[in-house]
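*Asks:* Okay, handing you the structure first.
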Amino acid sequence: MILVTGGTGYLGSRLVPQLLAAGHNVRVVDMLWFDSKPVQHARLEVISADLAAFEPAWLHGINDIIHLAGMSNDVTAEFAPELALRSNVQATAALARTAAREAARVQRPIRCIFASTCSVYHSPDNGSGALPELLTEEHPIAPRAIYSRSKRAAEIELLKVSDSEPLFCPVILRKGTIFGFSPRMRFDLVVNSFSLHAWSKRRLVLDGPGETWRPLLHIDDAVETCLTLLQIPAHQLKNQTYNLLGRNTRISDLASEVASTLRQECGVKLEIIRDPSIDNRGRSYCVDGSKIAAELGIRPSRDTRSSVLDLWAKLQNNWFGLDPTTDPRYFNIRWLTQNFIPAAVGAA
């Protein structure tokens, strides 16, 4: 059986059906913050609970963990730093300690695939339009933003517990910015956001000159990577860190690609606007994904074009409702501030 934390979230709601289709039994632990409705399946168990209060029973019968839960972007972490600490660091530490004890008790390996982020590389010293240094997994990192600090702290907690228990086998995936359709859709991720704004406003607004760089990752490549890692012996993955991305791109180039795709395929003309009042150069970084390709043969390759066209078609057909631009479910910070943040921070 596989435990998936955050299994009803943006990535989880695409991953869990694929795990079930592959024949796995799946247990999801998720706070169900976003009013997501899990798929119904005889081999799926869903537990609505707070990971920071991890229960040993959640690991009974578990061979593998895919840890997706936690606050997942800068703006939510900056709005509620206490909650970021609780959900990203304390919950990960609780999971790791419990999993290590369970592995020792049953005397078999428990693999833990941790969804970290390439944001741990971000530095306010970057930001020119030139291609920044390609950052490998061995690059020294000292993230300063609350979100990236919390994810780095979670990585350290996993490795610390692993050092004390040989049968606990964490592997860290530092993912690029994910894009593409999900049943628990997010329109606050750059490719998805551009697609929504192209549809709703016929224009794309860049922060400043748009010269910042980002690593991008298609959601299906992220799902496929998790499925592949489950087939590799746990001891081979233990304590490994891998960057996972399809490519690095400048935001200005991405906007041009979206505009070109929709012009050529849908006959839509888009205006690209640069907003000089916003300077986001501090979050510019490029990441090297060659390690996971060389060691495991994993090479994410899906492009943005198909995702942009897919999202456009769904928007045209009202898949997301009549006005997804105002629906807070599709924007993490809007939903959390309106529904959950005050109570959750108080509890922390």
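*Asks:* All other residues with a Cβ under 10 Å from the Cβ of W58 taken together, and with Lys, Arg as +1 and Asp, Glu as -1, what is their net charge? Write out the running numbers ahead of the final one.
*Replies:* Values: positive: R27; negative: E45, E55, E102.
Summing Lys/Arg as +1 and Asp/Glu as -1 gives -2.
*Asks:* What 222 nm value per residue comes from the helices of the chain, counting each DSSP H run with n ≥ 4 as -39,500 (n - 2.57) and dividing by all residues, nearest 500 deg cm²/dmol? Walk me through the numbers on the way to the answer.
*Replies:* Numbers: 13 runs with 133 residues, N = 348.
Only helices count here, giving -11500 deg cm²/dmol.
*Asks:* Continuing with the same structure: Got a sec? Charge dipole of region 2-347, +1 on Cβ for Lys and Arg, -1 for Asp and Glu; which of S256, C266, V161 is way out at the positive end?
*Replies:* Most positive-ward Cα: C266.
*Asks:* With a cut-off of 8 Å between alpha carbons and a minimum separation of six or more residues, what is the relative contact order of region 2-347 in percent?
*Replies:* On the way: 665 pairs, mean separation 68.1, N = 346.
Across region 2-347, relative contact order equals 20 percent.
*Asks:* Next up: Taking the Cβ of E165 as the centre, find all other residues whose Cβ is under 11 Å away and add up their charges (Lys, Arg: +1; Asp, Glu: -1). Display every interim value, and only then the final one.
*Replies:* Numbers: positive: R97, R101, R105, K160, K238; negative: E102, D163.
Taking every Cβ under 11 Å from that of E165, the sum is +3.
*Asks:* Something else about it: Using +1 on the beta carbon of Lys and Arg, -1 on that of Asp and Glu, and nothing else charged, what's the dipole of region 79-186 about the Cα centre, debye to 20?
*Replies:* On the way: 15 positive and 10 negative charges, 101 e Å.
The calculated dipole for region 79-186 is roughly 480 debye.
*Asks:* Ranked highest first by the average count of other Cβ atoms within 10 Å around their residues, in what order do 191-202, 12-23 fall? Mind dumping the intermediate values first?
*Replies:* On the way: 191-202: 20.5, 12-23: 18.9.
The peptides rank, most packed first, as 191-202, 12-23.
*Asks:* Going 7 Å from the Cα of V268 along its beta-carbon direction, which residues of region 288-314 have the amide nitrogen within less than 16 Å of the resulting point?
*Replies:* 304-314
*Asks:* Is the C-alpha gyration tensor of region 178-266 telling us rounded, prolate or oblate? Criteria: a/c under 1.5 is rounded; beyond that, a/b larger than b/c is prolate, otherwise oblate.
*Replies:* Working: a/c = 2.93, a/b = 2.05, b/c = 1.43.
Here region 178-266 falls in the prolate category.
*Asks:* When the Cα centres of region 6-71 and region 193-236 are compared, how far apart do they sit, in Å?
*Replies:* Cα centroid to Cα centroid, the span is 22 Å.
Bear in mind that the values in this text are calculations on the coordinates, not laboratory data. Only a predicted model underlies this, so the values are computations on that prediction, with no experimental measurement involved. Note that each Cβ is placed from the backbone with ideal geometry, even for glycine, and that neighbours are counted across all protein chains shown.
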